[in-house]
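Okay, so here's the structure we're looking at.
The values are calculated or read from the model by the stated rules, or taken from the named source; none is laboratory data. Keep in mind it's a predicted model, so treat the numbers as computed, not measured. When we count neighbours, we look across all protein chains shown, and the Cβ atoms used for this are built from the backbone with ideal geometry, even at glycine. Please note that ligands, DNA and RNA were not included when accessible areas were found on the heavy atoms of the full protein model with its side chains. Shrake-Rupley method; radii C 1.70, N 1.55, O 1.52, S 1.80 Å.
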Amino acid sequence: MRITWQESAPGDDVRALLRAARAHDGRPEVDEQGPLPREFRGGSHLLAHEGGELVGYAHLDTGGDAFGNQVAEAVVHPAHRCEGHGTRLVEAVLDRAEEKLRIWSHGDHPAAVRIAERKNLARVRELLKMRLTGLADLPAPSWPDGVGVRTFVPGRDEAELVAVNGRAFDWHPEQSRLTVEEVVATEREGWFDPKGLFLATRADKVVGFHWTKVHPGEIGEVYVVGVDPAAQGGGLGRALTLVGLHHLRDIGLGEAVLYVESDNSAAVALYNRLGFTVAETDVAYQR
């Protein structure tokens, strides 16, 4: 297998490999055109060829997360798995990356577990994918006193959204880094709908939000729910979650998914009470 690193954005061959992985695994979310998902932008790109064919790809986020970890994703083409390519991708990433490195395994794949054991990588983070099928019998949201809800207004609400997000997720290695520029860029993406981004307000100040997303196949996502720490404890997170789920149901969707850290016990308990169950687990390994 021939390994090549490049700093420039990958081409159509990488997009084709990622789309083949999506068809087989259900992820990553890669469109036929437009920018690649955020986890594959910038940084360094590894292309692995065998006999002139692209069989593997890895991305190394050299900018890292909020806690100084470089972050890697590695994908082997479904037609070339179980041939040792995954191990060689991980070895190449380990050789190139700085000491503080996290590598994601989506779906907690047994092959990734074996590679991690051989390379002395510790399991340090679990991201749960939870699913709710059937949105017909949702309870109505109950808002704390003095709190109202409205939808996002592009060009006006970006700064307040980012400020609340920063306070709500100051502990999170990725979400805490959201910027106004990133929100504005997302507004230009095909899936963005301001009618699906709900802001909770008190005295005209944003104190929480629920950003929903719609995927192909009529599946909605509880994309991000954030509550200002000063407004936590009064049921605002539950109300925001429900208003977004009602929206997804009202536009004709019958299923919702979300991603939540396994150690975020309060959020996991809330989603369990609403009927969500764990469908998959993504794991981050660190040396």
- Message: Would you confirm whether or not the range 40-61 contains a residue that is without any contact (Cβ under 8 Å) to a residue 40 or more places away in the chain and part of a helix (DSSP H, G or I)?
- Response: yes
- Note on the structure: The condition from (1) buried (at least 16 other Cβ atoms within 10 Å of the Cβ); (2) part of a helix (DSSP H, G or I); (3) more than 23 Å from the chain's Cα centre (by Cα); (4) not β-branched (V, I, T) that D13 misses is numbered (1)
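Looking at R273, R188, R238, which one is at pLDDT below 95, open to solvent by 40 Å² or more (accessible area, probe 1.4 Å) and out of contact with any Gly (no Cβ under 8 Å at 6 or more places or on another chain)? Write out each step before concluding.
Values: R273 fails: at pLDDT below 95; R238 fails: at pLDDT below 95.
Criteria check complete, one pass: R188.
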- Query: List, please: which pairs have Cβ atoms under 9 Å, are six or more places apart or on different chains, and start with a residue in the range 1-14 that is touching a residue at least 40 places away in the same chain (Cβ under 8 Å) and farther than 17 Å from P35 by Cα and end with one that is open to solvent by 70 Å² or more (accessible area, probe 1.4 Å) and not in a loop (DSSP other than H, G, I, E, B)?
  - Reply: M1/E50; M1/R88; R2/E50; I3/R88; W5/R96
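What number of residues in the range 16-27 are assigned to a loop (DSSP other than H, G, I, E, B) and either β-branched (V, I, T) or touching a residue at least 60 places away in the same chain (Cβ under 8 Å) (or both)? Spell out how you get there, then give the answer.
Within the range 16-27, the first condition is being assigned to a loop (DSSP other than H, G, I, E, B), and the residues that meet it are 26-27.
Filter again for either β-branched (V, I, T) or touching a residue at least 60 places away in the same chain (Cβ under 8 Å) (or both), leaving 27.
Adding up the residues that qualify gives 1.
Within the range 79-99, work out how many residues are on the phi > 0 side of the Ramachandran plot and either polar (S, T, N, Q) or open to solvent by less than 70 Å² (accessible area, probe 1.4 Å) (or both).
1
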- Item | Counted residues, the range 248-269 - those being open to solvent by less than 30 Å² (accessible area, probe 1.4 Å) and not small (G, A, S) | 7
- Query: Quick check: anything in the range 276-285 over 16 Å from the mean Cα position of the chain (by Cα), closer than 21 Å to R27 by Cβ and in a strand (DSSP E or B)?
  - Reply: yes
- Among the candidates D108, D65, D31, which residue alone is closer than 19 Å to R123 by Cβ, in a loop (DSSP other than H, G, I, E, B) and open to solvent by 20 Å² or more (accessible area, probe 1.4 Å)? D108
- strands (runs of 3 or more DSSP E) (entirely within the range 200-274) containing at least 1 residues that are more than 20 Å from the chain's Cα centre (by Cα) and within 20 Å of A163 (Cα to Cα): 205-215
- Message: Out of the residues in the range 58-93 meeting the condition of being among the hydrophobic types (A, V, I, L, M, F, W, C) and farther than 20 Å from A116 by Cα, tell me which one is farthest from the chain's Cα centre (by Cα).
- Response: A79
- Task: Return only the number of the condition from (1) more than 17 Å from the chain's Cα centre (by Cα); (2) modelled with pLDDT of 95 or more; (3) open to solvent by 50 Å² or more (accessible area, probe 1.4 Å); (4) of a type outside the set (V, I, T) that A23 does not satisfy.
- Result: (2)
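Within the range 159-190, work out how many residues are part of a loop (DSSP other than H, G, I, E, B) and under 18 Å from A230 (Cα atoms).
Residues flagged as part of a loop (DSSP other than H, G, I, E, B) and under 18 Å from A230 (Cα atoms) within the range 159-190 amount to 4.
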